[in-house]
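Asker: Below: one structure in structure tokens.
The values are calculated or read from the model by the stated rules, or taken from the named source; none is laboratory data. Bear in mind the structure is a predicted one, so any value in this text is a computation, not a measurement. Virtual Cβ from ideal backbone geometry, glycine too; neighbours counted across all protein chains shown.
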Amino acid sequence: MIQLTYASRPFGFDDAMLAGVLMDARRCNTRDGVTGLLICRADLYLQLLEGPEAVVEATYRRIAADDRHMDLALLTRRTVTDRLFPNWAMRDDPARSWLWTKAEVDDGALTRASEAEILAVFERIAAGG
Ligand SMILES: Cc1cc2nc3c(=O)[nH]c(=O)nc-3n(C[C@H](O)[C@H](O)[C@H](O)COP(=O)(O)O)c2cc1C
């Protein structure tokens, strides 16, 4: 199995668009055996995808071509044996207060963050933080 994370900038973010994104994600992920988490904020998507390598790669390619966001940056990619979000076709989560602020994101905080710092965000939420 592989796990990857990326960040992107929403294009035309509102409740209806987010609901549409999540509906598409859950429909496809249930079909494909992909699970994960999507952190959603007006200025930021931060997503973790996990599952069999070929389907996760195909999913990421479709996501990368989606015009509901832009400026995708792949942040981490690794082989894993366990899922962080096994029961979620795609969990959605509003950005937490402890996450990088919009100003920090605009300033490149995500591209400067280490893989461990990126993964810690998802691990903290998976652990109930
Ligand atoms: C931020 C964001 C996250 C998405 N997450 C997923 C996802 O987890 N799985 C997925 O299959 N599609 C996801 N999508 C939707 C895909 O881009 C695409 O619309 C969907 O896979 C259907 O593809 P198709 O129309 O080519 O069949 C996401 C889109 C956006 C904008």
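Asker: Among the residues of the stretch 92-113, write down those that are over 21 Å from Leu74 (Cβ atoms) and touching a Cys at 6+ places or on another chain (Cβ under 9 Å).
Answerer: Pro94
Asker: In addition: Being closer than 18 Å to Arg9 by Cα and touching a Ser or Thr at 6+ places or on another chain (Cβ under 9 Å) is the filter; apply it to the stretch 108-121 and report the residue that is surrounded by the most Cβ atoms within 10 Å (Cβ to Cβ).
Answerer: That would be Val121.
Asker: For the condition touching a residue at least 60 places away in the same chain (Cβ under 8 Å) and either within 9 Å of the ligand (Cβ to nearest atom) or touching a Lys or Arg at 6+ places or on another chain (Cβ under 8 Å) (or both), what is the one hit in Ala25, Ala58?
Answerer: Among Ala25, Ala58, only Ala25 is touching a residue at least 60 places away in the same chain (Cβ under 8 Å) and either within 9 Å of the ligand (Cβ to nearest atom) or touching a Lys or Arg at 6+ places or on another chain (Cβ under 8 Å) (or both).
Asker: Of the residues in the stretch 24-36, how many are closer than 21 Å to Ile125 by Cβ and either at pLDDT below 95 or among the hydrophobic types (A, V, I, L, M, F, W, C) (or both)?
Answerer: Number satisfying all stated conditions: 2.
Asker: Starting from the stretch 103-122, keep only residues that are without any contact (Cβ under 8 Å) to a residue 12 or more places away in the chain, then list their pairs with residues that are surrounded by 12 or more Cβ atoms within 10 Å (Cβ to Cβ) whose Cβ atoms are within a distance under 6 Å, requiring at least 6 positions of separation or different chains.
Answerer: Cβ pairs passing all conditions: Ala109/Trp100.
Asker: Consider Ala64 against the criteria (1) more than 9 Å from the ligand (Cβ to nearest atom); (2) surrounded by fewer than 17 Cβ atoms within 10 Å (Cβ to Cβ); (3) among the aliphatic types (A, V, I, L, M): it satisfies all of them except one. Which criterion is unmet?
Answerer: Against the list (1) more than 9 Å from the ligand (Cβ to nearest atom); (2) surrounded by fewer than 17 Cβ atoms within 10 Å (Cβ to Cβ); (3) among the aliphatic types (A, V, I, L, M), Ala64 comes up short only on (1).
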